[in-house]
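These notes concern the structure reproduced below.
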Amino acid sequence: MSATTKNATTTPSPATARAPSGGAGPFAGTRADGCAQLQINGQLYELPLLVGSENEHAIDISKLRAITGAITLDEGYVNTGSTTSAITFLDGEKGILRYRGYPIEVLAEKCDFVEVSYLLIYGKLPTSDELDAFRKSLSHHTMIHEDMRSFYGGFPRDAHPMATLGSVVGALSTFYQDSLDVHDPRQVEVSVHRLMAKLPTIAAYSYKKSIGQPLIYPRNDLSYCENFLQMMFAVPCEEYHIDPDFTDALDMLLIVHADHEQNCSTSTVRMVGSSDANLFASISAGISALWGPLHGGANQACVEMLERMVADGGNVKKYVELAKKKDPSFRLMGFGHRVYKNYDPRARLIKTTCDQLLAKLSLRDPMFDIAQQLEEVALADEYFIERKLYPNVDFYSGVIYRAMGIPVQMFPVLFAMGRLPGWIAHWDEMHHSPAKKICRPRQIYTGETLRAFEPIIKRS
Ligand code: CMC
């Protein structure tokens, strides 16, 4: 079996069967000139080519099984495009990341997180009236149903806040049953605003529960990030001063986490949503996917690794060597990426903010020093150069969170808060696509073939 791409001028041989395009409609990318030829056991098939707005090419295999009887196999979806999407463009080779066409560096400098969320969800930058209305609506929905607060009493004190977050978000569909109809645009919009507004409250309550402090009600006179910080750190018995540098750093961190096209958690949200499960259920599934240490849990794992290195005397070379041995119990966390084969542009922004914040606070964090040394050693090492492994978004973010007093278990929760508008945008885009189908991959079965049933007394 062989697959090649070639130009349009080739006339198919009589033995060539031609697959129609997937018929996915105007969102499916543009049909490119030419086609891909696939030969299976002497039979030649032609498959349409698609091209995206940034000139990425795909072979449209949507009719492959129908015309050839074969499927493709791609563990981890390394070569598989699950959808076309107009939300985020990233070029892993060049280290480019854009939301709706705007470079991440520009958005991080000029916008706050709520404005970027609007951009992702509604597809355009808001006018000032639109942004005001969006902010007002988010403020209006910040509280959670009073009965939901009693949920927190039921979770063990030492529960991971990510577990609590996912559970409470899932439970929103029990309390807000008036906004669950995925086919009613008004209900969808209400559930979008509710989620955006309530997630910081749910997240901060998860933390307060874990340290045994009273849950702090949201304050609608504060900005999105200020409100989150006061719910995290205020206590009823004294005034809490919100540090504007922390607010700015948090805004930047949430912006750079806000979307990253078809990553594991976003694909999960799309997959769950493809069954027409409501938005709260879909996002709760995305939170579970994000929790894993290879995805959003990597920021926690990275800080724990850096702490270990500091405690071990800061010998970074030893750990770089350990990472190269590929012992399954140790990986250089915060390094490497499925898509980036260049410096992750988010890591660059975070490192700069990290530098600035620590200088402003006159803080010397040995972990930041170790992280920089580790980066230097790894980037000069042939193993990392060859495999194009660079620091990713999780490498420096933990250092900022620590400087802000955010405990390590909350790091993935912060990632979830940042990623929320991206998840929502993808869930919504999927629902509006004329190509929408329930996600249902196939498999190649490798188990037993038909065998005779043995009664239990005869089994050895
Ligand atoms: N330390 C040492 N070796 C590594 C690392 C690492 N962090 N990452 C990749 N490699 C090696 C890997 O062993 C393999 O080597 P070889 O070609 O000799 O078999 C090669 O690099 C390719 O790695 P891979 O595991 O096949 O790549 P992947 O695309 O399947 O995995 C990854 C990507 C992010 C899961 C992986 O790089 C990793 O585990 N990194 C550490 C965890 C981490 O920081 N995750 C956060 C990702 S960014 C935030 C997010 O998207 O959630």
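Test L97 against the stated conditions and say whether it is touching a Phe, Trp or Tyr at 6+ places or on another chain (Cβ under 8 Å), under 18 Å from T266 (Cβ atoms) and touching a residue at least 40 places away in the same chain (Cβ under 8 Å). It is true that L97 is touching a Phe, Trp or Tyr at 6+ places or on another chain (Cβ under 8 Å), under 18 Å from T266 (Cβ atoms) and touching a residue at least 40 places away in the same chain (Cβ under 8 Å). Among the residues of the range 91-107, the one identified as of a type in the set (G, A, S) and under 13 Å from D259 (Cα atoms) is G101.
A quick yes/no check of all residues on (1) assigned to a helix (DSSP H, G or I); (2) hydroxyl-bearing (S, T, Y); (3) within 11 Å of the ligand (Cβ to nearest atom):
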| position | (1), (2), (3) |
| --- | --- |
| S267 | yes, yes, no |
| M271 | yes, no, no |
| S275 | no, yes, no |
| S282 | yes, yes, no |
| G286 | yes, no, no |
| L290 | yes, no, yes |
| P293 | no, no, yes |
| A301 | yes, no, yes |
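Does D259 satisfy the condition of being within 16 Å of the ligand (Cβ to nearest atom) and under 25 Å from E429 (Cα atoms)? Yes, satisfied.
Candidates in the range 382-409 are the residues that are under 20 Å from L229 (Cα atoms) and outside any helix (DSSP H, G or I); of these, the one that is nearest to the ligand (Cβ to nearest atom) is I406. Note on the range 139-172: residues that are assigned to a helix (DSSP H, G or I) and within 21 Å of K209 (Cβ to Cβ) total 20. When restricted to residues that are in contact with a strand residue (DSSP E or B) (Cβ under 9 Å, 6 or more places away or on another chain), under 18 Å from A425 (Cβ atoms) and in contact (Cβ under 8 Å) with a residue 24 or more places away in the chain, the range 104-119 contains 4. Pairs linking a residue in the range 127-142 that is hydroxyl-bearing (S, T, Y) to a residue that is part of a loop (DSSP other than H, G, I, E, B) and surrounded by 13 or more Cβ atoms within 10 Å (Cβ to Cβ), with Cβ atoms under 9 Å and 6 or more positions apart or on different chains, are S139/P218; S139/N220; S139/L222; T142/Y217; T142/P218; T142/R219; T142/N220. Selection within the range 310-367: residues that are part of a helix (DSSP H, G or I) and of a type in the set (S, T, N, Q). The member of this set that is surrounded by the most Cβ atoms within 10 Å (Cβ to Cβ) is T353. For the range 318-375, a residue qualifies if it is among the acidic types (D, E), more than 9 Å from the ligand (Cβ to nearest atom) and more than 21 Å from E307 (Cβ to Cβ), but none of them does. Considered as a group, the residues in the range 204-222 that are of a type outside the set (K, R) and crowded, with 19+ Cβ neighbours inside 10 Å include one that is nearest to P156 (Cα to Cα), and that residue is S210.
Results for (1) farther than 24 Å from G292 by Cβ; (2) part of a helix (DSSP H, G or I); (3) modelled with pLDDT of 95 or more, shown as yes or no for each residue.
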{"position": "L222", "(1), (2), (3)": "yes, no, yes"}
{"position": "C225", "(1), (2), (3)": "yes, yes, yes"}
{"position": "M231", "(1), (2), (3)": "yes, yes, yes"}
{"position": "D259", "(1), (2), (3)": "no, no, yes"}
{"position": "Q262", "(1), (2), (3)": "no, no, yes"}
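The values are calculated or read from the model by the stated rules, or taken from the named source; none is laboratory data. Every value quoted in this text rests on a predicted model; they were computed, and no experiment measured them. Cβ: placed from backbone, ideal geometry, glycine included. Neighbour counts: every protein chain shown.
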